[in-house]
Amino acid sequence: MWWLPILGLLIGMALGTALSLTVPAEYSRYTAMAILAALDSVFGAARSGLAGEFDNSVFLSGFFVNIILASTLTYLGDRLGVELYMAAIVAFGVRIFNNLALIRRQLLARLKSKAVIREDAGRQDLST
């Protein structure tokens, strides 16, 4: 089930491309932050799913809390004249790349273990 968040992401990207919605320029930062926060949650869910630790309530709460936090930082930064959204970009960016690295390692470990199992099965066939 680890692939469900990624499938949802792909469906959402396809719908967004097909519908071709236009976001007003004054909301572009908020939209970008919401997308970045959502990507962080999706990749975190995929990573935890591969590890066998996925919890739907943790995913949903993290998804919405991340979006609210990123939007709030962006809003406060706009009101104060400080680009606070940059802090969220850095934090979410680091988390996304970290999750992608962990996903890659878990997938490679699974591929290696399947190759070892196939190799062992081939050796057993030769020995009989």
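Here, each number is a calculation from the coordinates, and none is a lab measurement. These numbers were taken from a predicted model, which means no experiment stands behind them. Cβ atoms come from the backbone with ideal geometry, glycine included; neighbour counts cover every protein chain shown.
With axes computed from alpha carbons, what is the tilt in degrees of helix 85-127 against the longest principal axis of the chain, rounded to the nearest 10 within 0 to 90? Result, in degrees: 10. In this simple spin-label model, placing a label point 7 Å from the Cα along the Cα-to-Cβ direction at both ALA51 and ALA87 gives a separation of 2.6 nm.
What ranking do SER57, SER113, SER41, SER71 get, fewest neighbouring Cβ atoms within 10 angstrom at the top? Can you show the working numbers first?
Values: SER57 7, SER113 10, SER41 25, SER71 18.
So the residues, fewest neighbours to most, are SER57, SER113, SER71, SER41.
By the gyration tensor of its Cα atoms, with a ≥ b ≥ c the square roots of the eigenvalues, what is the shape of the chain: rounded for a/c under 1.5, prolate for a/b over b/c, or oblate? Prolate shape, in that a/c is at least 1.5 and a/b is the bigger ratio. Phi angles across the stretch 29-40 convert, under the Karplus curve 6.51 cos²θ - 1.76 cosθ + 1.60 with θ = phi - 60°, into 3J(HN,Hα) values of 5, 5, 5, 4, 5, 5, 5, 5, 5, 5, 4, 4 Hz, Gly and Pro given as x. Look at ILE103, ILE117 and count the other Cβ atoms within 10 Å of each Cβ; fewest to most, that gives ILE117, ILE103. Taking other Cβ atoms within 10 Å as a rough exposure proxy, ASP40, ASP55 sort from fewest to most as ASP55, ASP40.
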